[in-house]
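Here the structure is laid out as structure tokens; the discussion comes afterwards.
No lab work stands behind these numbers, since they all come straight from the coordinates. Here the structure is a predicted model, which is why all the values come from computation and not from measurement. FYI the Cβ positions are ideal-geometry reconstructions off the backbone, even for glycines, and counts take in every protein chain you see.
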Amino acid sequence: MKTWNIDSAHSEIGFKVKHLMISNVRGKFNSFKGSIEMEDEDFTKAVISFSADTASINTENDMRDKHLQSPDFFDSASFPTLSFKSKSITKRSDNKFEVTGELNMHGITKEIILDTTLNGTITGMDGAKMMGFEILGSLSRKDFGLTWNAPIEQGGVVVSDEVKLEINTEFKEVK
């Protein structure tokens with residue numbers, strides 16, 4: 001069994017949501033960990049695990065970050081982590097995969113699908129093997145009990161229900 005751990009210095013776990021129905025607000029988690037376990041070189045047999053500290057949310061706006069950590073959204077005091085574990089990986093083409101797994105957020109577990117591109121495997125500067133991925137997906141925040149919102153005068157709401165995930169990761173093989 002080979003284990004690969006996420007290299008947090010070269011990875012970003014990001015997202016974006018519509019604000020006021022006209023623009024996107026981006027954010028990321030500053031504290032996270034993840035691993036891939038593989039018996040052989042066949043990525044479709046891998047098991048991917050990931051978790052992030054919800055209090056580490058960072059949208060480059062302290063007031064918004066505190067609101068996102070509050071009971072209106074993540075409720076970081078009660079639900080300090082969100083986690084993901086893959087259930088299946090389907091190969092779509094040479095380097096494209098569909099990763100299906102269970103996301104637990106805010107005490108609720110739901111299945112999500114992540115479109116995953118394997119950018120390659122190389123030997124890093126320290127001699128360790130490295131893998132890089134680009135991962136896209138989306139989810140309904142209401143599915144996870146994150147229902148805070150406010151109507152806007154012209155119609156619509158302050159924050160969209162759909163959250164788009166934009167994840168870029170490097171994994172390093174553990175020797």
May I ask for the distance between the Cα centers of segment 1-73 and segment 108-165, given as a whole number of Å? 8
Using all C-alpha to C-alpha distances in segment 117-173, build P(r) with 10 Å bins and read off the rounded percent in each one. 20, 29, 20, 17, 11, 3
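How do Arg141, Arg64 rank when sorted from fewest to most other Cβ atoms within 10 Å of their own Cβ? If you can, show how the numbers build up before the last one.
Details: Arg141 21, Arg64 16.
Starting with the residue having the fewest Cβ neighbours, the order is Arg64, Arg141.
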Over segment 1-136 - Rg/Rh using Cα atoms and the Kirkwood inverse-distance radius: 1.00
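Is there a quick way to get the dipole size of the chain? I mean about its Cα centre, with the Cβ of Lys and Arg at +1 and of Asp and Glu at -1; what is the value in debye to the nearest 20?
Details: 21 positive and 27 negative charges, 24 e Å.
Result for the chain is approximately 120 debye, rounded to the nearest 20.
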If amide H atoms are modeled at 1.01 Å from N in the peptide plane, then the residues at a separation of 5 or more from Asp7, or on another chain, having amide H under 5 Å from its own are Glu170, Phe171, Lys172
Tell me the label-point distance for the pair Asn61, Ser83, using the 7 Å Cα-to-Cβ offset, in nm and rounded to one decimal. 3.2
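Order of 34-45, 11-22 by packing, highest average Cβ count within 10 Å first?
Working: 34-45: 14.3, 11-22: 16.2.
Sorting 34-45, 11-22 by mean packing, highest first, produces 11-22, 34-45.
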